[in-house]
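Asks: One structure is given below, represented as structure tokens, and several questions about it will come after.
The numbers here are math on the coordinates, done by the rules we state, and not lab data. Since we're looking at a predicted model, the values are computed, not measured. Note that we place each Cβ from the backbone using ideal geometry, even for glycine, and neighbour counts take in every protein chain shown.
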């Protein structure tokens, strides 16, 4: 369930007009905070960017709805757990992106790594997730793996800072808890929250911007 959230005062400039050169410079200067939990389970996601008409756009996927799947129906970045065939978390992000949406990142420009995130200690205390950013220089068509991805689309990064898109999100098995979210499509369905929200928050912070905070009147 989604409830709108707002803030009384905004000092955040919209990212409209910002091109990949700006993102490239900021990510290139970023020193990622990496977890030292080397013996724990690891996963990686790909933050895939492309130039849009007015703003850099980011690739988002919607996970299929499945019982007993902790990521069921979530909005996310393509990604998954490190496998024995992977030589690095960056390689995992590239492999998973191709397997899930058919986007080949081998020749994409590598922009850098975001901060590692350790999964929610109440649900996944041992999972460390890395995020790697890529710039897609050529247009590619989606080829979705239906068991992994229900939908995929490009969303303007600038629009994530629009006041109307800041929401509070609740989940059915824990309706008392409200999570910060970003509405990127159909209400109650296309909401970025949880781990993906935290990666978006980190990316925007690197670019010098903040997601609107929850209003005290919410």
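Asks: Please order 117, 182 by the number of other Cβ within 10 Å, starting at the fewest.
Replies: Values: 117 21, 182 25.
So the ranking, lowest neighbour count to highest, is 117, 182.
Asks: Turning to a different aspect of this structure: How much length, in nm to one decimal, is gained on full extension between residue 53 and residue 153, taken as 0.36 nm per residue of separation minus their Cα-Cα distance? If you can, show how the numbers build up before the last one.
Replies: Numbers: separation 100, 0.36 × 100 = 36.00 nm, distance 1.50 nm.
Stretched fully, the residue 53-residue 153 segment lengthens by 34.5 nm.
Asks: How big is the Cα convex hull of region 138-214 in projection, averaged over all directions, in nm²? Write out the running numbers ahead of the final one.
Replies: Details: hull surface 26.8 nm².
Quarter of the Cα hull surface area: 6.7 nm².
Asks: Looking at region 52-187 from every direction and averaging, what is the projected area of its Cα convex hull in nm²?
Replies: About 9.6 nm², averaged over all directions.
Asks: For an R0 of 35 angstrom, estimate the FRET efficiency from the Cβ-Cβ distance between residue 205 and residue 140 and round to the nearest 0.05.
Replies: Numbers: r = 29 Å, r/R0 = 0.82.
About 0.75, to the nearest 0.05.
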